[in-house]
Ligand code: SAM
């Protein structure tokens with residue numbers, strides 16, 4: 001899809017370029033922050049699945065405001081991680097790696113040098129296959145990997161925010177999150193399309209069970225999803241659902257007419273390496289035709 005057709009269709013895509021955000025996702029974190037005051041008083045943050053970096057931009061902006069208000073506090077520290085390379089951002093420590101890998105978790109922990117983070121955010125999403133059960137399962141595994149890292153780096157009382165796909169097995173995830181956080185809310189920012197299954201889980205006041213020892217072996221990932229379906233009636237975990245973002249503001253599912261004087265802007269930070277680059281090179285070299293013969 002050409003950038004001008006996306007310009008016509010997606011108001012948050014246009015606004016992101018106008019306001020200097022690397023991606024439209026910035027508005028999701030801004031609207032969650034508006035609703036839950038997530039970034040108030042935050043000095044240390046981890047941004048998991050961060051590329052191209054708009055959430056890191058929001059974190060940088062808000063944490064430097066916090067520091068300006070409280071200069072006696074330590075300088076802000078933000079660690080951002082993604083599978084993809086990310087263009088540099090001032091005052092953000094960047095790490096290229098897979099958050100489901102123990103080695104990545106260890107590096108993140110080492111960057112914090114024994115300190116703990118006030119918040120961990122994760123906007124991670126797998127490449128969707130269109131097979132809903134499979135996509136939801138992989139998304140849940142990514143979220144649990146993020147939770148696993150969180151249990152190592154988050155301070156008690158801290159907050160964890162992550163993208164979630166609200167599928168039929170969501171109850172198991174809610175239950176797992178409630179083991180660590182007394183307050184769990186599922187929220188849908190206005191900038192997230194209604195047509196999308198995505199929402200964000202906002203987990204507040206990190207309180208691990210007594211004597212809980214964080215482990216890198218992902219014990220949470222081994223639970224069987226059949227167990228979730230057994231949770232019925234009053235045993236089902238219910239978490240509050242909250243829409244956020246100004247309801248009179250832009251609707252992510254609507255198309256707004258362009259002003260007559262509108263000129264399309266270039267994206268602020270185009271991808272460094274497109275994920276489909278290798279496939280394109282193979283296609284150019286006729287690889288697929290040779291394999292098919
Ligand atoms: N929050 C970002 C922003 O504001 O610019 C956008 C994140 S984008 C929706 C999802 C990201 O998740 C992709 O950049 C993808 O590379 C990353 N991702 C998916 N699986 C991952 C994994 N296992 N480890 C690290 N990053 C992963």
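Values quoted throughout were computed directly from the atomic coordinates according to the rules given, and no laboratory measurement underlies them. Quick caveat, the model's predicted, so the values are computed rather than measured. A quick note on method: Cβ atoms are made from the backbone with ideal geometry, for glycine too, and the neighbour counts reach across all protein chains shown.
Descriptive notes on the structure:
- Residue among 74, 259, 176 with the largest mean-square fluctuation in a Gaussian network model of the chain, springs linking Cα atoms under 10 Å: 259
- Neighbour-count order for 212, 174, fewest beta carbons within 10 angstrom listed first: 212, 174
- Gyration tensor (alpha-carbon) shape descriptor, the stretch 1-116, a/c threshold 1.5: oblate
- For the stretch 5-292: rounded, prolate or oblate by the Cα gyration tensor [a/c cutoff 1.5]: rounded
- Computed E for residue 34/residue 75 - FRET, C-beta separation, R0 35 angstrom, nearest 0.05: 0.90
- Choice from 25, 110, 54 with maximal GNM fluctuation in the chain (Cα, 10 Å cutoff): 110
- Antiparallel DSSP beta bridges within the chain, percent to nearest 5: 35 percent
- When the chain is treated as a GNM with alpha-carbon contacts under 10 Å, the residue of 107, 188, 28 showing the greatest mean-square fluctuation is 107.
- From its DSSP helices (H runs of at least four residues, each -39,500 (n - 2.57)), the chain gives a residue-normalised ellipticity at 222 nm of -10500 deg cm²/dmol.
- Inter-site label distance for residue 243 and residue 83 at 7 Å from Cα along Cβ, in nm: 3.3 nm
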